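Here is the structure we will look at.
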Amino acid sequence: MKLKSGWGMTETCSPGTGHPKEGPEKPGSIGLMLPGIEMDVVSLDDPAKVLGVNEVGEIRIKGPNVTKGYWNRPQETAEAFVGERFLTGDIGYMDSDGYFFLVDRKKDMIISGGFNVYPQMIEQAIYTHPAVQEVIVIGIPDAYRGEAAKAFIKLRDGAKPFSIDELREFLTGKLGKHELPAAVAFVDELPRTPVGKLSRHELRQKQSPTIQAQQHQQQQ
């Protein structure tokens, strides 16, 4: 039996995409729009500007499955919609066959030196290192670029830590220069959600005092 993946979120109540029974193999794709659903990709700077094929932006959705808004939260509701289209907060793109791909969550995006940097892309590259078992990447303050990426890594049993320069050298050619991490930390365990997924949010919360201290130093 072959399993087919799809995509949905709390605000869509039911899936918005899925893979057809017959069709091309698209590794990493969340599939095509389901019947009755309209989706597109819009600019991160202008959510009313629709982007073209393979251009990365925020995914919008319209359909009978989409919520009408957030209960007693009119401001958040207004910010989440452009007309009847809901801004999902998911960054991705659509290919020439109409298949959608996810890149990251908008709230996790790092803006480094004016470039949009996606933690998931960095994590995928770091996972190719033979010593890495698990990794989470978050943004940290950077005096020159405003924000930079820091990788928190759990090593495989018996593996030895490596320097940030060694990590950057390993990632050269796999990532753009602006995507290379500025710092690395090795940890015994990474935080997880109640269902066992790695939790970027909890890690960010734990690192908040350190991040705030760094921001304070930069402002002095």
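The values are calculated or read from the model by the stated rules, or taken from the named source; none is laboratory data. Remember, it's a predicted structure, so these values are computed and weren't measured experimentally. When we count neighbours, we look across all protein chains shown, and the Cβ atoms used for this are built from the backbone with ideal geometry, even at glycine.
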statement: Exactly one of Gly23, Gly57, Gly31 is closer than 15 Å to Gly98 by Cβ, in contact with a Ser or Thr (Cβ under 9 Å, 6 or more places away or on another chain) and of a type outside the set (A, V, I, L, M), and that residue is Gly31
message: Please go through (1) free of Cβ contacts under 8 Å to residues at least 24 places away in the same chain; (2) at negative phi for Gly16 and return the number of the only condition it doesn't satisfy.
response: (1)
- request: State yes or no: is Asn65 within 30 Å of Leu171 (Cα to Cα) and either in the same structural domain as Asp142 (by TED's automatic domain parsing) or not small (Gly, Ala, Ser) (or both)?
  value: no
- prompt: Across segment 28-69, what is the number of residues that are outside any strand (DSSP E or B) and over 18 Å from Gly8 (Cα atoms)?
  reply: 13
- prompt: Quick one: would you say Asn72 is within 19 Å of Met121 (Cα to Cα) and assigned to a loop (DSSP other than H, G, I, E, B)?
  reply: no
query: Can you name every residue in segment 81-100 that is surrounded by 19 or more Cβ atoms within 10 Å (Cβ to Cβ) and not polar (S, T, N, Q)?
result: Arg85, Phe86, Asp90, Ile91, Gly92, Met94, Tyr99, Phe100
- request: Look at segment 6-25 and say how many of its residues are part of a loop (DSSP other than H, G, I, E, B) and closer than 18 Å to Ile91 by Cβ.
  value: 3
message: Just to confirm my filter: which helices (runs of 4 or more DSSP H) fall fully inside segment 113-220 and include at least 2 residues that are surrounded by fewer than 16 Cβ atoms within 10 Å (Cβ to Cβ), of a type in the set (Val, Ile, Thr) and modelled with pLDDT of 95 or more?
response: none
query: Do we have any residue at all in segment 84-95 that's basic (Lys, Arg), more than 23 Å from Ile59 (Cβ to Cβ) and modelled with pLDDT of 95 or more?
result: no
